[in-house]
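Here is the structure we will look at, set down as structure tokens.
The values are calculated or read from the model by the stated rules, or taken from the named source; none is laboratory data. As the structure is a computational prediction, the values presented were derived from the model and not from experiment. Cβ placement follows ideal geometry from the backbone for every residue including glycine, while neighbour counts extend to all protein chains displayed. Side chains included, ligands, DNA and RNA excluded: accessible areas come from the protein's heavy atoms. Shrake-Rupley method; radii C 1.70, N 1.55, O 1.52, S 1.80 Å.
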Amino acid sequence: MMMTPLESLISRSIDPGNAEPLTRAAIEQYQEKRLLQLVDYCRDHSPWYRQKLAATGSDTIKSLKDLCSLPLTNEEELRHHGLSMLCVSQDAVARIVTLPSSGTTGVPKRVFFTEEDLERTLDFFHQGIQALVDSGQKMAILLPGATPDSTGHLLAQALERMAVTSHILGLIDEPEKAARQIAEVQPHVLVGFPVQILAIAQTAARYSIPLGPIRSVLLCSDYIPASLSARLSELLHCQIFSHYGTVETGLGGGVDCEAHCGCHLRETDLLFEIIDPKTAMPLPVGDWGEIVFTTLTRTGMPLIRYRTGDYSRLLAGPCPCGSHIRRLDKVLGRIHQFRTLAGNEQLTMASLDEILFTIPGLLDFQATLTSEGQQDTLQLCLVTIPGSEAEVLRLTAEVMARHQPCQGLRLSLTVNASSRIHRSKRTLQDKRLEYSP
């Protein structure tokens with residue numbers, strides 16, 4: 001088994017002349033040095049951080065153990081104080097990513113990057129992708145890539161350094177059309193949203209469309225169900241890799257290795273921790289909670305202890321591949337999207353994905369919770385391969401009847417007449433409040 005390719009990237013950043021394997025102590029010593037420098041940098045260059053650090057008495061810290069004394073940063077602060085969080089002039093900003101509010105009138109979220117920040121993401125992509133593809137091969141990228149420095153565009157730039165040919169197809173909502181485009185490319189690797197790639201693989205199998213000599217798939221940008229990964233591996237006969245990242249992490253955050261035991265994190269650029277989402281207290285390695293990270297090398301808009309709202313845990317000990325780089329377990333979704341049912345049971349889109357994507361012929365689904373009186377209803381609108389509607393409806397009813405949190409719910413099943421799937425992340429909609437008396 002090959003050790004994670006991030007080993008060389010992180011080793012080069014910590015000590016370019018050292019040929020010995022990385023140790024946990026060496027990584028944390030580097031992170032401590034960078035953290036102390038970061039606090040000084042933010043205090044000296046950002047009006048917002050200068051005020052916030054001084055107000056909390058944390059404008060100076062002495063070691064990595066003092067991390068929890070630094071104030072947390074959240075999405076609302078990023079939306080409302082973004083410009084004053086900048087540590088460079090606006091002329092030095094190479095790219096601004098704007099993310100709209102979930103509401104119609106909310107302040108959009110803007111994340112600023114310098115050329116140096118983007119270069120570090122390119123380095124991560126370049127190294128992290130080496131477990132999936134070899135020089136001279138081809139990759140189909142099913143991610144946004146029309147604009148410079150978008151995710152797909154940056155990945156394509158990184159692939160150029162490996163002499164890998166990239167084909168950016170963008171996000172898809174028509175699986176058959178995308179399958180035929182991929183068949184024309186004949187790639188060795190696919191990269192994209194989990195549900196979209198599974199829909200393509202199932203459609204290709206249904207219509208005997210030869211996708212190509214695919215050796216690996218990288219899933220990213222949404223929850224990655226184990227059931228979906230297993231189904232993809234069965235359909236495509238290849239390894240399935242996972243990536244974790246957000247716009248705030250600089251797009252790249254972590255990627256798993258051939259051991260498939262968690263995502264190795266970009267530890268020289270990002271310092272991860274897990275906190276209790278209710279108390280905001282730090283949790284030990286191995287406990288589940290909210291992902292928080294600090295950008296150790298970001299020059300444009302550093303983020304100190306940024307709350308992602310994602311639910312996961314850090315894994316203890318070295319990876320089976322031999323690396324001591326910290327690993328992030330499967331991300332179980334956004335905390336604010338966990339839905340509480342009668343009996344205090346929790347229902348999430350992730351839990352529905354795990355059970356429903358075992359069903360052959362199911363391409364996608366929309367899930368909505370409603371309520372009338374004392375009875376909650378889960379409405380599932382299914383997207384299926386044409387001709388498999390009746391069988392998918394039958395199997396869905398069967399698996400849902402066995403799913404413990406859903407046994408107290410009324411189930412409403414329909415089939416979407418269209419074969420179009422979601423082009424973006426999927427959520428479990430909760431409309432129960434609309435029906436409250």
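Assorted remarks:
- Of the accessible area of region 278-359, computed with a 1.4 Å probe over protein heavy atoms only, carbon and sulfur atoms account for 55 percent.
- Computed over region 347-437, the range of Cα coordinates on each principal axis works out to 41, 28, 21 Å, biggest value leading.
- Three-way shape call for the chain based on the alpha-carbon gyration tensor, with the a/c threshold at 1.5: oblate
- For the chain, calculated [θ]222 nm from helices alone, where every DSSP H run of n ≥ 4 adds -39500 (n - 2.57): -9500 deg cm²/dmol
- For region 1-84, applying the loop criterion from DSSP together with a ceiling of 15 other beta carbons within 10 Å to the trypsin sites (Lys or Arg not before Pro) yields Lys62.
- Using θ = phi - 60° and Karplus 6.51 cos²θ - 1.76 cosθ + 1.60, couplings along region 257-262 (whole Hz; Gly, Pro as x): 10, 5, 6, 6, 10, x
- Surface/4 estimate of mean projected area, convex hull on alpha-carbon atoms of region 12-88, nm²: 6.4
- The relative contact order of region 80-186, computed from alpha carbon pairs under 8 Å that lie at least 6 residues apart in sequence, is 20 percent.
- Furthest towards positive pole of dipole, Gln404, Thr295, Thr414, structure part region 282-415, Cβ charges: Thr295
- Segment Ser89..His336, full-extension length gain: 85.5 nm, with 0.36 nm per residue of separation and the alpha-carbon distance subtracted.
- With all protein chains kept in place, the per residue accessible area of the chain amounts to 43 square angstrom at a probe of 1.4 angstrom.
- Cut-off 12 Å between beta-carbons: net charge of the residues surrounding Glu184, Lys and Arg +1, Asp and Glu -1: +3
- Ranked from largest, the principal axis spans of the Cα set of region 296-341 equal 42, 34, 11 Å.
- Selection from Val383, Ile355, Val217 lying farthest towards where the dipole of the chain points positive, charges on Cβ: Val383
- Taking the 1.4 Å solvent-accessible surface of region 145-245 as the whole, the part contributed by carbon and sulfur is 50%.
- Counting only Cβ charges, +1 for Lys and Arg and -1 for Asp and Glu, the dipole size of region 123-278 around its Cα centre is about 520 debye.
- Dipole in debye (nearest 20) - region 213-336, about Cα centre, beta carbon charges: Lys, Arg +1; Asp, Glu -1: 80
- Where Cα atoms sit under 21 Å apart: lysine pairs in the chain separated by 8 or more or lying on different chains: 10
- Solvent-free Debye scattering, log10 I(q)/I(0), computed from the Cα coordinates of region 169-298 at q = 0.15 Å⁻¹: -0.78
- Between Ser8 and Thr56, the modelled labels are 3.8 nm apart [label points 7 Å from Cα along Cα→Cβ].
- Distant-in-sequence amide H partners of Leu270 (H built 1.01 Å from N, under 5 Å): Leu296
- Only Cα pairs under 8 Å and 6+ residues apart enter the sum, and on that basis the relative contact order of the chain stands at 14 percent.
- Value of relative contact order over region 176-252, rounded to a whole percent, pairs C-alpha under 8 Å and six or more apart: 31
- Taking every alpha-carbon pair in region 1-142 and binning the separations at 10 Å intervals from zero gives 9, 27, 32, 24, 7, 0 percent.
- Percent accessible area from carbon and sulfur atoms, region 1-136, protein chains only, probe 1.4 Å: 50
- Size of electric dipole in the chain: Cβ of Lys, Arg +1 and of Asp, Glu -1, about Cα centre, debye, nearest 20: 360
- Sorting the Cα pairs of region 79-226 by distance into bins of 10 Å, from 0 upward, gives 10, 34, 31, 18, 6, 0 percent per bin.
- For region 242-327, the Cα-based Rg and Dmax, in that order, read 12.6, 36 Å.
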